[in-house]
2 protein chains.
Amino acid sequence: MSDLDLPLSAPVIPNARDAVRALRASQIREVANAGFGVADVLPFWFGESDRVTPQFIRDAAAAALARGDTFYTHNLGIAPLRDALSRYVSALHGDTPAANIAVTSAGVNALMLAAQLVVGAGDRVVAVTPLWPNLVEIPKILGASVETVALGYGANGWALDLDRLLAALTPGTKLLMINSPNNPTGWVMTRAEQQAVLDHCRRHGIWIVADEVYERLYYGDTDARTAPSFLDLASRDERLICVNSFSKAWLMTGWRLGWMVAPRDLMDDLGKLVEYNTSCAPAFVQQAGIAAVEQGEPYTRRLVADLRASRDHLAAALSALPGVDVKAPHGAMYLFFSLPGAQKSLDLCKALVREAGLGLAPGSAFGPEGEGFVRWCYACDPARLDQGVERLASYLRQHAAR
Amino acid sequence: MSDLDLPLSAPVIPNARDAVRALRASQIREVANAGFGVADVLPFWFGESDRVTPQFIRDAAAAALARGDTFYTHNLGIAPLRDALSRYVSALHGDTPAANIAVTSAGVNALMLAAQLVVGAGDRVVAVTPLWPNLVEIPKILGASVETVALGYGANGWALDLDRLLAALTPGTKLLMINSPNNPTGWVMTRAEQQAVLDHCRRHGIWIVADEVYERLYYGDTDARTAPSFLDLASRDERLICVNSFSKAWLMTGWRLGWMVAPRDLMDDLGKLVEYNTSCAPAFVQQAGIAAVEQGEPYTRRLVADLRASRDHLAAALSALPGVDVKAPHGAMYLFFSLPGAQKSLDLCKALVREAGLGLAPGSAFGPEGEGFVRWCYACDPARLDQGVERLASYLRQHAAR
């Protein structure tokens, strides 16, 4: 048979499996792509400060590199970092032995590992939304189904309908994924709500994965170093996995370093999963983590004070704009607010970047519950915030005039 | 009701799900634990050189840290690294555009991502063994079933029974996972075998995930810079994902940096999965990767020459021991050999570490097909290898005398 005799067939395009194709792509990236070629965009769309990681943390990594700290580490992290995290978490939330702590390759990696630990195909997961998409999509990669319970938006901003959440947490539900302080809304769960959810989940054997990466970015109580945490209420050896990250409190987004607090009985299985996902976080990155936890407290306190000021500054400036409804929440580093045109938030954000050079994240990126809102990350210099507000004001004036 | 009236119940021990509990734990770690407290262990058990990452690579990371390269990157990696990898892979294996390349948080992370892309619950996966456990265990985390096809051991060392492998790759099989040069055996798949497997998988629409992280550690042909690769035979846009790593060719084990070559049509879905697993590799680690790929060739060539010498040195020394059957394979950085007592390789390796201070990996760590053998990583100074051989010789003398 010559080549010419080969049967004709359509070219086969290799596809990922259906569950993966169905995962949400980032609408923030879609907006960013819409701004491709726009010379001067002010980017407030990512969940990232515009400040470089503090020098003392970078120095610790450089020193580790210089002394040759370039080998594999223990799956669960190097002992000095687990010990440092044990002291840090214990000071914030009560006794937390190093044996309950695992180092991970980013906060999101901790969420993936936590999901792998407890959910498989067919399992039912509940998540509270609007929400950073990762928590909703991760269980789907493992074949689980995810039901969402929406926060309500009222006179005091975003709030949880506790009865609705408890009703959704039916017996047989495997896992609740909940993020407080919340990205994108800034909503902070109260201690009473945490207690009610914990009691309910205990009764029904439901796992809780609490994404508490914004816990230090808390403005509800000037005396509190942290937002309320499930760790304040639960024992260390029940069905609770608390996920945290170095990204927010120490400005280490690009380092991909996180940790989780989990039952000691889970640690052998977690070690296997770490081995099969990334094997460990980079050795010298873990050394930088020690510096952050042990020397970073003054830095974090100044950072939180700056963020509080930025939040207040931006909220005041936005409130002065016609048609803008903004309420300053108690946590995280975002204002999630409504404005004219945000009923189609994706279209609005594309127009804002193209026409005004203003980079915001569309509310719909965080689930249909977020439609009607946009997210503005205020972790930057107030002068830059002013520039952004001016661009928004100008855009709104032009569109109101049409 | 007083506390004393509370119903008594057994304490609930939180467990991971069954599929995770059933994953294999590392037998190498079990051996290492058996040596806990032994003062002077020579460790040849890990797949890691005893040399620190080359200075010019560490310098590149330190420079990136100094200039503040500490922010999130694109999910698929920074463009300069993807471009550098495109040039590197194209030079070795033919035209490979950057659009077909994704940067990952380690080679094992690339394997996990590749598995997530194509397999879900109930899918059938085939793997060739003995094998680094990760390839066999990763699909199980996603609910897939894994059938193994064993290499045979004969007069010429480890070899593939091609007919047996093709027979196992039944229609409906979703994925073949194959690692060549192979950890632990050093077996290298021939080009003819790759062609036959590729033809068969094309006919039946079976994905191939080729773990080629040891491709540069190849001693079969002194003129060849790399072992035979599926990339030499396949197009860039068919059902093939080639996984690679910076760990072996540039001694960057502790950096957790890898990459994959995959169909362009998969890249959007892969970007989503990277987002949900680690989001990106650390920014300054990717900068170090550029230095490795662009400036590392002379280093890698010297390294491979040293490894070849170490392989020959160790093989000759071991061959002189009574009852030891060793054949020097053409790839990787291990000798996988049989010796008296290795029928229970886990017990033997525990005894070796406890009684002789010699750290080897048991063959059974790589599947039941590896039983009867032990793995010795020779990526170290020849003097250290001699010390290890002397310890083994002494152990064997004592046990032969009993």
Worksheet entry | Every pair of residues 6+ apart whose Cβ atoms lie under 6 Å, when the first sits in the range B:259-281 and is more than 7 Å from every other protein chain (Cβ to nearest Cβ) while the second is assigned to a helix (DSSP H, G or I) | B:W259/B:L85; B:M260/B:A110; B:V261/B:N100; B:R264/B:A99; B:R264/B:N100
Practice prompt. Would you check which residues across the range B:342-353 are buried (at least 19 other Cβ atoms within 10 Å of the Cβ) and not aliphatic (A, V, I, L, M) and list them?
Written response: B:S345, B:C349, B:K350
Discussion item. Go through (1) buried (at least 24 other Cβ atoms within 10 Å of the Cβ); (2) over 19 Å from A:S279 (Cα atoms) for B:A144 and report which single condition fails.
Written reply: (1)
Worksheet item: Can you tell me how many residues in the range B:16-38 are free of Cβ contacts under 8 Å to residues at least 40 places away in the same chain, in a loop (DSSP other than H, G, I, E, B) and more than 7 Å from every other protein chain (Cβ to nearest Cβ)?
Response: 2
Fill in: Residues that are of a type in the set (A, V, I, L, M, F, W, C), closer than 14 Å to A:G296 by Cβ, more than 9 Å from chain B (Cβ to nearest Cβ) and buried (at least 19 other Cβ atoms within 10 Å of the Cβ), drawn from the range A:39-80
A:A60
Practice prompt. Mind listing whichever residues of the range B:354-393 are β-branched (V, I, T) and surrounded by fewer than 24 Cβ atoms within 10 Å (Cβ to Cβ)?
Written response: B:V389
Fill in: Filter result (within 10 Å of chain B (Cβ to nearest Cβ) and either surrounded by fewer than 20 Cβ atoms within 10 Å (Cβ to Cβ) or without any contact (Cβ under 8 Å) to a residue 40 or more places away in the chain (or both)) within the range A:86-124
A:G120, A:A121, A:G122
Discussion item. Test of understanding: among B:G186, B:G143, which residue is outside the structural domain of B:H330 (by TED's automatic domain parsing) and over 19 Å from B:F230 (Cβ atoms)?
Written reply: B:G143
Worksheet item: Where in the range B:64-174 are there strands (runs of 3 or more DSSP E), lying fully within it, with 2 or more residues that are in contact with a strand residue (DSSP E or B) (Cβ under 8 Å, 6 or more places away or on another chain) and either within 23 Å of B:D269 (Cα to Cα) or among the β-branched types (V, I, T) (or both)?
Response: B:101-104, B:124-129, B:145-150
Worksheet, complete the sentence: Given (1) closer than 12 Å to B:F373 by Cα; (2) in contact with a Lys or Arg (Cβ under 7 Å, 6 or more places away or on another chain), B:K344 misses just (2)
Worksheet entry | Residue, nearest to the other protein chains (Cβ to nearest Cβ), within the range B:223-233, restricted to residues that are over 21 Å from B:L303 (Cα atoms) and surrounded by fewer than 23 Cβ atoms within 10 Å (Cβ to Cβ) | B:L233
Worksheet entry | Criterion (surrounded by fewer than 22 Cβ atoms within 10 Å (Cβ to Cβ), farther than 29 Å from B:I141 by Cβ and assigned by TED's automatic domain parsing to the domain that holds A:R216) met by exactly one of A:A305, A:A291 | A:A291
Response to the item:
A:A155: passes all of (1) without any contact (Cβ under 8 Å) to a residue 12 or more places away in the chain; (2) of a type in the set (G, A, S); (3) buried (at least 24 other Cβ atoms within 10 Å of the Cβ) but (3)
Item to complete: Select from the range A:299-353 the residues that are among the charged types (D, E, K, R) and at pLDDT below 95 and write down the one among them that is farthest from A:C380 (Cα to Cα).
Response: A:D325
Discussion item. On the basis of being charged (D, E, K, R), within 11 Å of chain B (Cβ to nearest Cβ) and within 30 Å of B:R256 (Cα to Cα), does A:R256 make the cut?
Written reply: yes
Worksheet item: Do you know which residues across the range B:125-152 are in contact (Cβ under 8 Å) with a residue 24 or more places away in the chain, away from chain A (no Cβ under 14 Å) and closer than 28 Å to A:I141 by Cα?
Response: B:V126, B:V128, B:T129, B:T148
Worksheet item: How many of the residues in the range A:170-209 are under 28 Å from A:R375 (Cα atoms) and touching a helix residue (DSSP H, G or I) at 6+ places or on another chain (Cβ under 9 Å)?
Response: 18
Worksheet item: Looking at the range B:260-279, is at least one residue under 18 Å from the mean Cα position of the chain (by Cα) and among the small types (G, A, S)?
Response: no
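The values are calculated or read from the model by the stated rules, or taken from the named source; none is laboratory data. None of the values given here were measured: they were computed from a predicted structure. Here the Cβ is made from the backbone with ideal geometry for all residues, glycine too, and neighbour counts use every protein chain on show.
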